[in-house]
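Accompanying notes for the structure given below.
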Amino acid sequence: MGRGISGKRTLIQTLAAIVSNGYVAGFVHGTIYTGRLKTVCVPGLNCYSCPGALGSCPIGALQSVLASRQFGFSFYALGFLLFFGALWGRFVCGFLCPFGFIQDLLHRLPGRKLRVASRVDRPLRLLKYALLLFLVILLPMLLNNSFGFSKPFFCQWVCPAGTLTGGIPLILANESLRNSLGFLFSWKMAILIAVIIGSILIYRPFCKYLCPLGAIYALCNRFSLYRMRVDEHLCIDCGRCERICPMQVEVRHNINSPECIRCGRCRGVCPTDAISGGFAACPAARPAGRGTTE
Amino acid sequence: MNKQAQSRVPAILALIAAAAMIIVGLLRSEHLVVLQKAVNICLECIGIG
């Protein structure tokens, strides 16, 4: 059962990555898609400067509006973020985000795997909220130049997705961009290499500690339409779900934790099928309303 | 209203609010700012600017 969920998830992740990066000509010619579809935000972290990107990264879109001269607030980008968050919560991270998928693939590489101790892990998880507040919202909103414009600080100084899926392919295919490389690119490459090595050793370190998009969806996890449930009458407290959870969620007590990316591994190992997930309108395939924990 | 239907209310309200925010953003032409940024190579995003 676990393998079935995992296989379906990989298939959905692959399709989501292909659909949001379907502009093949961009990879061939070292350019990007310039059509009107780019007014629409995609749910996952997918840099709009990726040669294949057909839509806009919601975090990039939010920063670009906040950093513009005309607007002090972005109803548009926040509307998309709230829409995806209210519908799916961090299901987006687990199934639809291309950069999450890349980290999943990296973690499948053979070698030693680490589980970060709780006393280090818990405070580090707050870092993504700080990055969201300062680099994504406050600095682009407040730190304007003399013309009234600001910059997308998170994209510029942190985002490894932009470096990997936008920077590297464009620089390989475009000589004029290659000639413009400097300190910033080296800095961003250092972050990318750290995230790649980290992802091989630890499950999704970028999602856990750094991703501001994950932080927004985390805030929606408790009330989103898609959510997880534990049937307390079926649960035998064996603890397998918590031992296998790669996001270190306390499944039995807090299954809709802000850290749950709805990957479904807990469902796969549950010997009594006590765990289910889905939209609130279509609960588990068992009698509802008798001792379910959400 | 049963417990499960009640638990859906915040999400549905949030979805309605999200749709309203997107419409307000469109009326303010915020989408054109997004489009302008997204159809040009973002030098900051790729580590050059």
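Taking trypsin sites (Lys or Arg not before Pro) across the range A:11-108, the ones in a DSSP loop with at most 12 further Cβ atoms lying within 10 angstrom of their Cβ are A:69, A:108. Give the shape of the range A:1-79 as rounded, prolate or oblate, defined through the alpha-carbon gyration tensor: a ≥ b ≥ c are the square roots of its eigenvalues, a/c under 1.5 means rounded, and otherwise the shape is prolate if a/b is larger than b/c and oblate if not. The shape class here is oblate. Given the C-alpha centroids of the range A:5-60 and chain B, what is the distance between them in whole angstrom? Rounded to whole Å, the Cα centres lie 17 Å apart. Dipole magnitude for the range A:149-271: computed about the Cα centre from +1 point charges on Lys and Arg Cβ and -1 point charges on Asp and Glu Cβ, it is near 100 debye.
For the range A:251-268, 3J(HN,Hα) computed residue by residue from phi via the Karplus equation (6.51, -1.76, 1.60; θ = phi - 60°) reads 4, 5, 10, 8, 5, 9, 4, x, 8, 6, 9, 6, 5, x, 5, 5, 5, x Hz, glycine and proline entered as x.
With an 8 Å cut-off on Cα pairs and a minimum separation of 6 or more residues, tell me the relative contact order of chain A in percent. Reported relative contact order: 23 percent.
Would you please classify the overall shape of the range A:84-141 from the alpha carbon gyration tensor, given that a ≥ b ≥ c denote the square roots of the eigenvalues, rounded means a/c under 1.5, and beyond that prolate means a/b larger than b/c while oblate covers the rest? Walk me through the intermediate numbers first.
On the way: a/c = 2.07, a/b = 1.30, b/c = 1.59.
Oblate is the answer for the range A:84-141, as a/c is 1.5 or above yet b/c matches or exceeds a/b.
Less than 5 angstrom separates the built amide H of residue A:232 from those of A:292, A:293, all sequence-distant by 5 or more or on a different chain.
Around the amide H of residue A:56, modelled in the peptide plane, lie the amide H atoms of A:40, A:41, A:42, all under 5 Å away and 5 or more residues distant in sequence or on another chain. Considering only B:43, A:135, A:34, and ranking their Cα positions along the charge dipole of the protein assembly as shown that arises from unit charges at the beta-carbon of Lys, Arg, Asp and Glu, the one farthest toward the positive end is A:135.
Under a 1.4 Å probe, what is the accessible area of chain A per residue, stated in Å²?
On the way: 12720 Å² over 294 residues.
On a per-residue basis, 43 Å².
With the Cα gyration tensor of the range B:3-46 giving a ≥ b ≥ c as the square roots of its eigenvalues, does the rule (a/c under 1.5 for rounded; else a/b larger than b/c for prolate; else oblate) give rounded, prolate or oblate? Judged from the Cα gyration tensor, the range B:3-46 comes out oblate (a/c at least 1.5, b/c at or above a/b). Computed from backbone phi with θ = phi - 60° and the Karplus coefficients 6.51, -1.76 and 1.60, the 3J(HN,Hα) list for the range B:25-33 is x, 5, 5, 8, 6, 5, 5, 6, 5 Hz; x is used for glycine and proline.
3J(HN,Hα) along the range A:154-168, derived from phi through the Karplus expression 6.51 cos²θ - 1.76 cosθ + 1.60 where θ = phi - 60°, amounts to 5, 4, 5, 9, 10, 3, x, 5, x, 5, 6, 9, x, x, 4 Hz, with x in place of Gly and Pro.
Between A and B, buried accessible area from a 1.4 angstrom probe totals roughly 3800 Å², ignoring ligands, DNA and RNA.
Computed on chain A, the Cα convex hull volume stands at 145 Å³ per residue. Annotation: aspartates and glutamates with alpha-carbon distance below 17 angstrom to residue A:128 (same-chain offsets under eight excluded): A:259. For residue A:238, no residue whose modelled amide H falls within less than 5 Å of its own remains once neighbours fewer than 5 places apart on the same chain are excluded.
The values are calculated or read from the model by the stated rules, or taken from the named source; none is laboratory data. The model shown is predicted, which means the values in this text are computed figures rather than measured ones. Ideal geometry is used to build each Cβ from the backbone, glycine not excepted, and the neighbour counts take in all protein chains shown. All accessible areas refer to the heavy atoms of the entire protein, side chains included, with ligands and DNA or RNA removed. Shrake-Rupley method; radii C 1.70, N 1.55, O 1.52, S 1.80 Å.
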